[in-house]
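The values are calculated or read from the model by the stated rules, or taken from the named source; none is laboratory data. Everything numeric in this text was worked out from a predicted model, so none of it was measured. Cβ placement follows ideal geometry from the backbone for every residue including glycine, while neighbour counts extend to all protein chains displayed.
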Amino acid sequence: MKFFLDTAHMPDIRKAAAVGVADGVTTNPTLVAKEKRDFPTLVGEICSVVDGPVSAEVTADDVEGMVREGRALASIAANVVIKVPFGQVGLQAVRALEREKIHTNVTLVFSPLQALLAARAGASYISPFIGRLDDVGHRGMEVVEQTLEILSNYDLHAQVIVASVRHPLHVLEAALIGAPIVTVPPSVLWKLFDHPLTEAGIARFKADWSGLQETLR
Ligand code: E4P
């Protein structure tokens, strides 16, 4: 399973890249707004640090506007993927961009049938939002499971990005059902490294080792 970072915050992206756990990055208008920076410059900076797919979202309401924004963002770097909100307008933009060999990521997907429609439109990536579904009393991961089954039934090649991840259990569940990609906020990513027994084990080994050095002195 690939790990994408769900953030536009450069210090986190640099840190994850250095640790080797930034296979890609997903951003959205909310995440970008937090950075208070020029969007194209920020996208260029992310792409200079991460080789994998970097999703940048269009905000226009019409097909022409989405395609225009998509082309401009795609010209920033070869690994930019255009994030397009699901819908009748969005899927037309997806078809147009993919025809031009510009990769797209259909976002705000909340059902397996929306995912099927996005895949049929030719999307390269599809992002079901599991946390937001859990928030309203649905089982978000079921959407991922059913989406994976449907895509495999019809040999559709869109890659599923498990999105709106809230905690490590989401990551575990995604891995257990074989999701190809999970996009995680930095706060969740760093939690995956933590285990009290690992910390305690390291402290114990260190203490025993320096005890030995003392003995041999
Ligand atoms: C995915 O690409 C989105 O940026 C993200 O996962 C949304 O997550 P949220 O529900 O935490 O805003």
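Being in contact (Cβ under 8 Å) with a residue 12 or more places away in the chain and either touching a helix residue (DSSP H, G or I) at 6+ places or on another chain (Cβ under 6 Å) or within 13 Å of the ligand (Cβ to nearest atom) (or both) is true for just one of 96, 33. Which residue is that? Write out each step before concluding.
On the way: 33 fails: in contact (Cβ under 8 Å) with a residue 12 or more places away in the chain.
Answer to the selection: 96.
Residues that are more than 16 Å from the ligand (Cβ to nearest atom) and assigned to a helix (DSSP H, G or I) were ranked within the stretch 149-168; the one that is surrounded by the most Cβ atoms within 10 Å (Cβ to Cβ) is 151.
Under 6 Å between Cβ atoms, which residue pairs at least 6 apart in sequence (or on different chains) link something in the stretch 185-214 that is touching a residue at least 60 places away in the same chain (Cβ under 8 Å) with a partner that is in a helix (DSSP H, G or I)? Cβ pairs passing all conditions: 186/12.
Among the residues here, residue 50 qualifies as at pLDDT 95 or above, away from the ligand (no atom under 14 Å from the Cβ), under 21 Å from residue 72 (Cβ atoms) and not basic (Lys, Arg).
Would the stretch 73-82 turn up any residue that is closer than 25 Å to residue 49 by Cα and of a type outside the set (A, V, I, L, M)? Break it down into steps so the answer makes sense when it comes.
We begin by selecting, within the stretch 73-82, every residue closer than 25 Å to residue 49 by Cα; these are 73-82.
When the remaining residues are screened for being of a type outside the set (A, V, I, L, M), the result is 75, 79.
Yes: the stretch 73-82 contains one or more residues that are closer than 25 Å to residue 49 by Cα and of a type outside the set (A, V, I, L, M).
Flag: residue 171 does not match the condition of being within 19 Å of residue 30 (Cβ to Cβ) and within 16 Å of the ligand (Cβ to nearest atom).
Restricting attention to the stretch 1-21, which residues are more than 12 Å from the ligand (Cβ to nearest atom) and either outside any loop (DSSP other than H, G, I, E, B) or in contact with a Gly (Cβ under 7 Å, 6 or more places away or on another chain) (or both)? Step through it out loud before you land on a result.
Narrowing the stretch 1-21 to residues more than 12 Å from the ligand (Cβ to nearest atom): 1-3, 9-21.
If the condition is that a residue be more than 12 Å from the ligand (Cβ to nearest atom) and either outside any loop (DSSP other than H, G, I, E, B) or in contact with a Gly (Cβ under 7 Å, 6 or more places away or on another chain) (or both), then 2, 3, 10, 11, 12, 13, 14, 15, 16, 17, 18, 19 are the ones that fit.
How about the stretch 23-113: which strands (runs of 3 or more DSSP E) wholly inside it have at least 2 residues that are of a type in the set (Lys, Arg)? Walk me through how you get there before you give the answer.
On the way: elements: 24-26, 54-57, 80-85, 104-109.
Of the strands (runs of 3 or more DSSP E) lying wholly inside the stretch 23-113, none has at least 2 residues that are of a type in the set (Lys, Arg).
For the criterion of being within 19 Å of the chain's Cα centre (by Cα), of a type outside the set (D, E, K, R) and either more than 10 Å from the ligand (Cβ to nearest atom) or crowded, with 22+ Cβ neighbours inside 10 Å (or both), residue 106 passes.
I'm trying to understand the selection: among the residues of the stretch 126-148, which are more than 13 Å from the ligand (Cβ to nearest atom) and either out of contact with any helix residue (DSSP H, G or I) (no Cβ under 8 Å at 6 or more places or on another chain) or under 16 Å from residue 167 (Cα atoms) (or both)? It would help to see each step written out before you state the result.
The first filter runs over the stretch 126-148 and keeps only residues more than 13 Å from the ligand (Cβ to nearest atom), leaving 137-139, 141-143, 145-148.
Residues satisfying the conditions are 137, 138, 139, 141, 142, 145, 148.
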